[in-house]
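Report on the following structure.
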Amino acid sequence: MSMPPQLCIVTLGVADLARAVEFYRALGWSMASSSNEEIAWFDIGGAWLGLFPTEELAADAGLEGPDAARGPFDGITLAINLDDEAAVDAALAAAVAAGGTLRLPARRLDWGLYGGYVADPDGHLWELAFNPTFPMRPGGGIDIP
């Protein structure tokens, strides 16, 4: 038996669910009607982003005490690839306007990527990038050769 290579849900632990919901709604993201005071769901184009209180998410995963602590960088970034450099700049500006924190301004790397990082109100890092070597699929998503 194997595990299918598909991503259905990414759940982020948040300190303040209402604040997190406000941030993602300010980005214009669509929230599912099944969202409630305990968990919020956002459609991220083929998968879902869940927002759940950090302590409850840790307990749900069987982590408690020091094992549940989150450091300033937990080894995970989330990425959104965009159509061009102007779209990257606009998305970074929108995230900051919505309450995010710019962590790394957009810059061009010598191999072609143009992108930067923004943190949501709970410190989750989002890379917003244009990568000409990863073609965009019609309707979203990318192809990685």
### Summary
To the nearest 10 degrees, the tilt of helix 17-26 (Cα long axis) against the first principal axis of the alpha carbons of the chain is 20 degrees
### Query
Along the charge dipole of the chain, Cβ charges K/R +1 and D/E -1, which of N81, C8, G99 sits furthest on the positive end?
N81
### Volume in Å³ per residue [convex hull over Cα atoms, computed for the range 1-56]
99 Å³
### Query
What label, among [x] 0.98; [y] 1.02; [z] 0.95, belongs to Rg/Rh (Cα atoms, Kirkwood Rh) computed from the structure on display?
[x]
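Please return the longest range in the chain lying between exposed loop sites, taking GluC sites (Glu not before Pro), DSSP loop only, at most 13 other beta-carbon atoms within 10 Å, and leaving the sites out.
Within the chain, the longest run free of exposed GluC sites (Glu not before Pro) spans 65-145.
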### Task
Give a quick list of chymotrypsin sites (Phe, Trp or Tyr not before Pro) in the range 9-78 that DSSP marks as loop, anything other than H, G, I, E or B, with at most 12 other Cβ atoms within 10 Å.
F73
### Query
With each run of n ≥ 4 DSSP H residues scored as -39500 (n - 2.57), what mean residue ellipticity at 222 nm is computed for the chain after dividing by its residue count and rounding to the nearest 500 deg cm²/dmol?
-6000 deg cm²/dmol
### Query
Where a ≥ b ≥ c are the square roots of the eigenvalues of the C-alpha gyration tensor, would you call the range 75-135 rounded, which needs a/c under 1.5, or, failing that, prolate if a/b is larger than b/c, or oblate?
prolate
### Task
Search the structure for amide H atoms under 5 Å from the amide H of T11, placed 1.01 Å from N in the peptide plane, and list their residues when 5 or more places away or on another chain.
G50
### Message
Is there a quick way to get the dipole size of the chain? I mean about its Cα centre, with the Cβ of Lys and Arg at +1 and of Asp and Glu at -1; what is the value in debye to the nearest 20?
### Response
420 debye
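Arrange V88, V96 by Cβ neighbour counts within 10 Å, fewest through most, would you?
V96, V88
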### Task
Using θ = phi - 60° and the Karplus relation 6.51 cos²θ - 1.76 cosθ + 1.60, list the HN-Hα couplings for the range 90-98 in order, rounded to whole Hz, with x at every Gly or Pro.
5, 5, 4, 5, 5, 5, 5, 4, 7
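If the only charges are +1 at each Lys and Arg Cβ and -1 at each Asp and Glu Cβ, what is the size of the charge dipole of the range 75-135 around the Cα centre, to the nearest 20 debye?
Using Cβ point charges on Lys, Arg, Asp and Glu, the range 75-135 gives about 140 debye.
Read-outs throughout are calculated quantities, based only on the coordinates presented, and are distinct from any laboratory measurement. The model shown is predicted, which means the values in this text are computed figures rather than measured ones. Here the Cβ is made from the backbone with ideal geometry for all residues, glycine too, and neighbour counts use every protein chain on show.
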